[in-house]
Amino acid sequence: MSASPATRRALAALLAAGTLIGAAALPAAADDHRRDHRGSRSSLAIGDVQYDSPGRHDRSNRALNREWVEIKNTGRHSVNLRGFTLTDQQGNRYRFPDFRLDGRSAVKVHTGQGRDTRHDLYQDRRRQIWNDRDTATLRDNRGNVVDTESWGRRGHQHRG
């Protein structure tokens, strides 16, 4: 059984149209895949928080450095945190220096003074800022909220 020339032409035109539509959609699909691969969500998150430093609650540098917020990079690639900020509910703000956080690693941001390393950064404050009931907010260098972590009256809450 053979198709008529008119049927073959119609079928060829239909297949050609389908190929054109598929080719036109391919760049958009590839772009969507790139967007998904980067992730609409950041690989950065607030990890553990030590808001009530253990030990004596004096204003010593040692006591201040027992208070910290951990920032985790759950992705494979390093991220430069330059210009990112970490704030509390009272408006205290720490602006990250030119600091590259390796993939699948974390850094603790201590309240007191110290020498910055790959795993510890210091806000150089002279008083504690993280209260028993507070919220830590991490923002990117454009001011967009990356992650928040709240604790206190209703228990520990995470919003990412």
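Side notes on the structure shown:
Each row is one residue, and each column tells you yes or no for (1) β-branched (Val, Ile, Thr); (2) in a loop (DSSP other than H, G, I, E, B); (3) open to solvent by less than 50 Å² (accessible area, probe 1.4 Å).
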site	(1), (2), (3)
Leu64	no, no, yes
Glu70	no, no, yes
Val107	yes, no, yes
Gln113	no, yes, no
Leu121	no, no, yes
Arg126	no, yes, no
Trp130	no, yes, yes
Asn141	no, yes, no
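- Among the residues making up the stretch 48-62, those that are part of a strand (DSSP E or B) and either of a type in the set (Asp, Glu) or buried (at least 17 other Cβ atoms within 10 Å of the Cβ) (or both) are Asp48, Val49.
- One residue from Gly91, Gly83 being within 21 Å of the chain's Cα centre (by Cα) and either acidic (Asp, Glu) or surrounded by fewer than 12 Cβ atoms within 10 Å (Cβ to Cβ) (or both): Gly91
- Residue match in the stretch 144-157 (condition: at pLDDT 95 or above, under 19 Å from Leu44 (Cα atoms) and part of a loop (DSSP other than H, G, I, E, B)): yes
The values are calculated or read from the model by the stated rules, or taken from the named source; none is laboratory data. Quick caveat, the model's predicted, so the values are computed rather than measured. No Cβ is skipped: glycine too gets one built from the backbone with ideal geometry, and neighbour counts run over all protein chains shown. Just the protein is used for accessible areas: all its heavy atoms, side chains included, with ligands, DNA and RNA removed. Shrake-Rupley method; radii C 1.70, N 1.55, O 1.52, S 1.80 Å.
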